[in-house]
Amino acid sequence: MNQEDIINKLPYSKPFLFVDNLIEISENGVLGNYTFKKNEFFYEGHFKENPITPGVILTETMAQIGLVCLGIFLLKDEISTQEIKPHVALTSNNIDFYLPILPNEAVTVTSEKVYFRFNKLKCNVKMTNSKNELVCRGTISGMIILK
Amino acid sequence: MTKEEIIIKLSTIVKPYIQNEEGFKNISEDTDFMNDLEINSANLVDIVLDVEDEFNIIIDNDSMDKMLTIKSVVEIIKEKQSSE
């Protein structure tokens with residue numbers, strides 16, 4: 001399963017897909033990126049006349065790249081057939097935020113697996129901006145069930 | 001380790017994950033994690049990982065499927081510890 005296959009298996013679509021490319025992926029972690037487009041739907045209201053990417057969206061971006069893409073990779077042998085799809089649920093997260101992300105900014109997400117047991121994936125995740133400055137970091141856990 | 005000692009240790013492990021306080025007050029051998037304590041499946045994984053550390057055992061998929069009540073966990077712990 002290559003990186004394009006993984007992105008195609010994601011259970012998201014626009015306007016809620018926050019993965020552009022996966023740069024590296026292995027049993028232990030993943031590195032990927034996303035550029036926030038100028039016209040993302042949430043900029044209209046967050047904030048009034050002052051568009052800044054919401055923290056929940058930064059968390060979502062780290063979860064999509066860091067947990068869901070990695071989870072699909074880890075389960076690649078089971079989901080190589082077309083019929084089986086990954087169903088995901090966020091179960092917990094604990095994130096600290098350091099810098100804002102504005103429209104047109106590119107971010108890179110790094111995720112390291114803490115454990116993947118009994119369909120629960122827990123990762124240490126962090127996001128950096130194009131200057132390689134820390135944007136946010138923490139831990140995210142989720143369940144991945146194949147149906 | 002006696003059954004009672006195991007149950008005391010299990011109570012400490014499950015406490016952070018329970019949603020039903022009443023069920024936790026009445027914890028016994030017959031307590032069902034999901035029905036009586038309203039522990040979700042994600043937190044059940046956390047409990048299993050804590051049980052592995054606390055009792056120095058490895059829980060495999062077959063054992064995980066059986067870990068539904070305090071009684072079944074006590075049995076699994078005793079069985080794994082005696083086989084080592």
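Points worth noting:
- Check on A:GLU60, among the charged types (D, E, K, R), under 22 Å from A:LYS122 (Cβ atoms) and in contact with a helix residue (DSSP H, G or I) (Cβ under 8 Å, 6 or more places away or on another chain): no
- Any pair with Cβ under 6 angstrom, 6 or more apart, that starts in region A:15-35 at a residue that is part of a loop (DSSP other than H, G, I, E, B) and ends at one that is loosely packed, with under 14 Cβ neighbours inside 10 Å: A:PRO15/A:PHE41
- Residue within region B:21-30 that is within 24 Å of A:SER141 (Cα to Cα) and either in contact with a Ser or Thr (Cβ under 6 Å, 6 or more places away or on another chain) or of a type in the set (Asp, Glu) (or both) present: no
- Evaluation of B:GLU75 against (1) surrounded by 14 or more Cβ atoms within 10 Å (Cβ to Cβ); (2) touching a Ser or Thr at 6+ places or on another chain (Cβ under 8 Å); (3) more than 14 Å from chain A (Cβ to nearest Cβ) (one fails), failing number: (2)
- Cβ-Cβ under 6 Å pairs, at least 6 apart or on other chains, region A:129-147 side more than 14 Å from chain B (Cβ to nearest Cβ), far side open to solvent by 20 Å² or more (accessible area, probe 1.4 Å) and not in a loop (DSSP other than H, G, I, E, B): A:SER130/A:ALA106; A:CYS136/A:ILE95; A:CYS136/A:PHE97; A:ARG137/A:LYS126; A:GLY138/A:ASN94; A:GLY138/A:ILE95; A:GLY138/A:ASP96; A:LYS147/A:HIS87
- Count - residues of region A:109-144 that are open to solvent by 10 Å² or more (accessible area, probe 1.4 Å), in a strand (DSSP E or B) and touching a helix residue (DSSP H, G or I) at 6+ places or on another chain (Cβ under 9 Å): 12
- Evaluation of B:ILE57 against the conditions (1) under 22 Å from A:TYR115 (Cβ atoms); (2) more than 12 Å from chain A (Cβ to nearest Cβ); (3) of a type in the set (A, V, I, L, M, F, W, C); (4) part of a helix (DSSP H, G or I) shows that the sole unmet condition is (4).
The values are calculated or read from the model by the stated rules, or taken from the named source; none is laboratory data. Predicted, not measured: the structure shown is a model, and the values here were computed from it. Heads up, the Cβs are rebuilt from the backbone with ideal geometry, glycines too, and the neighbour counts pull from every protein chain shown. Surface areas here come from the heavy atoms of the whole protein model, side chains and all, with no ligands, DNA or RNA. Shrake-Rupley method; radii C 1.70, N 1.55, O 1.52, S 1.80 Å.
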